[in-house]
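The structure appears below as structure tokens.
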Amino acid sequence: MPVETNAILLAGGRILDPANGLDATGDVLVQDGRIAAVETTPGRIDAGDAVRVDVDGLLVCPGLIDPHVHLREPGQGAKETIESGSRAAAAGGFSTVCCMPNTAPALDTPDMVEWVAMRARERAACRVLVAAAATVGRHGEALAPMHAMQAAGAVAFTDDGDGIADADLMRKVLQICASIGAAFMQHCQETTLTRGAQMHEGPMSARLGLVGWPRVAEELMLERDLRLDRSIGARYHAQHLSSGGSVDILRAARADGVPATGEVSPHHLLLTDASVDGFDTHAKMNPPLREESDRRALVQGVADGVITVLATDHAPHPPAEKAKPFEEAPLGVIGVETALPIYVETLVASGAIDWPRLIAMMTIEPARLLRIDDQGFGGLAVGTAADVTVIDPNERWTIAVDDFESRSRNCPFDGREVEGRAVLTLVDGHPSHDRLTGAAVNH
């Protein structure tokens, strides 16, 4: 398939478009960067001179969207860059990612938001959106210019990496978010309960002699925020949930009509604190891996519809940093290149949800969170931008960090045999990742 082609016919695949209620075998025509036609009756599309790509047995869905990644620019390019991180995202099937503001300096001014957008236009392999800091420097002491940053292109707000500890300031942030219609995405961590903590507080931390990180550190901030938001009505989003108790708190708030959503990440769905045994720094993350009861509660929260968004929390660190002693190694793991098969294993193969719901949680649900659904993202409606992901649900492969596009290798799944893989990622109708046709990809 020539990269330069203006028209591609994806023929005979299973089209999964939850945003538009479509799950059927059919054809999708991409032309001049837009979705030109979607047809479930074979042969009805006049494809003209479009390049035909047979996708029989494959899934054709809207481009995947990750609302929680760390691209590390500016200031931390040794870990990741907008270029390398977006290439990694495209390889994982993502056509859009939303980067977090804990960079150096923080993304806390309109100029910084615009800088990321400019850098992305020049170098990114997929769309890069910005979640800007809600407080100056992410210090939790003074409000950042949220109105101006939204005008500059910020799609959401967060101090990710830190929760906003000051309740009065948090209340003001929620009020501003409610007034401008933007979501606030909270990193739920009560830091007075996590001083010196290295992993989940439980039998494993006691055995290893490590300072424990209790569940209640997450639950307290989540419960406080949701109580504040009951009278404000801002769109509140809880990031990377790890505690089963948090699922219960979010469930109760949603039942009471609080406009709250939550996300879970691949590592918390699959692994537990048992992975830390042996002081494996690839199992050191924030929030920490918890116990099997928490893992099961998170899966159940997805199955029940309490957790509506899947997000990777892609957090790159170079090998030299992760090779430090456990207490000194940084928190975080990468995830955009391995998320899809881990979600397949933990959610689809387990029977918790089906493929259409999985695709919804990776497309239209994050699009709604970021308020880009009204631009057509997260769906395959005719006339919208041709962001498309083709998935082979049956491809078995072995995760190998040395093959990654990411600059970092801090992956807890290296060597794991998995099933399900993105084989083609289109952004504006152009391949940003292509394992399906063997054509070269120009970024």
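Assorted remarks:
- Some residue of region 265-272 being surrounded by fewer than 24 Cβ atoms within 10 Å (Cβ to Cβ) and part of a loop (DSSP other than H, G, I, E, B): yes
- Qualifying residues in region 115-172 (those that are at positive phi and in contact with a helix residue (DSSP H, G or I) (Cβ under 7 Å, 6 or more places away or on another chain)) - the one modelled with the lowest pLDDT: Gly161
- Summed over region 191-208, residues that are hydrophobic (A, V, I, L, M, F, W, C), under 28 Å from the mean Cα position of the chain (by Cα) and either not assigned by TED's automatic domain parsing to the domain that holds Met221 or not in a loop (DSSP other than H, G, I, E, B) (or both) total 2.
- So Ser246, is it under 25 Å from the mean Cα position of the chain (by Cα), buried (at least 23 other Cβ atoms within 10 Å of the Cβ) and of a type in the set (Ser, Thr, Tyr): yes
- Count - residues of region 97-153 that are in contact with an Asp or Glu (Cβ under 8 Å, 6 or more places away or on another chain), of a type in the set (A, V, I, L, M) and not in a helix (DSSP H, G or I): 10
- Residue match in region 146-159 (condition: of a type in the set (Asp, Glu), surrounded by fewer than 24 Cβ atoms within 10 Å (Cβ to Cβ) and in the same structural domain as Arg227 (by TED's automatic domain parsing)): no
- Unmet requirement for Glu328, which otherwise passes all of (1) touching a residue at least 40 places away in the same chain (Cβ under 8 Å); (2) assigned to a loop (DSSP other than H, G, I, E, B): (1)
- The set of residues in region 231-257 being among the small types (Gly, Ala, Ser), touching a Leu at 6+ places or on another chain (Cβ under 6 Å) and in a helix (DSSP H, G or I) consists of Ser246, Ala253.
- The numbered conditions (1) modelled with pLDDT under 95; (2) in contact with a His (Cβ under 8 Å, 6 or more places away or on another chain); (3) hydrophobic (A, V, I, L, M, F, W, C) are all true for Ala91 except (1).
- Scan region 281-313 for residues that are closer than 26 Å to Lys324 by Cβ and part of a helix (DSSP H, G or I) and the total you get is 3.
The values are calculated or read from the model by the stated rules, or taken from the named source; none is laboratory data. Since the model is a prediction, treat every value here as computed from it, not as a measurement. Don't worry about glycine lacking a Cβ; one is built from the backbone with ideal geometry, like all the others, and counts go over all protein chains shown.
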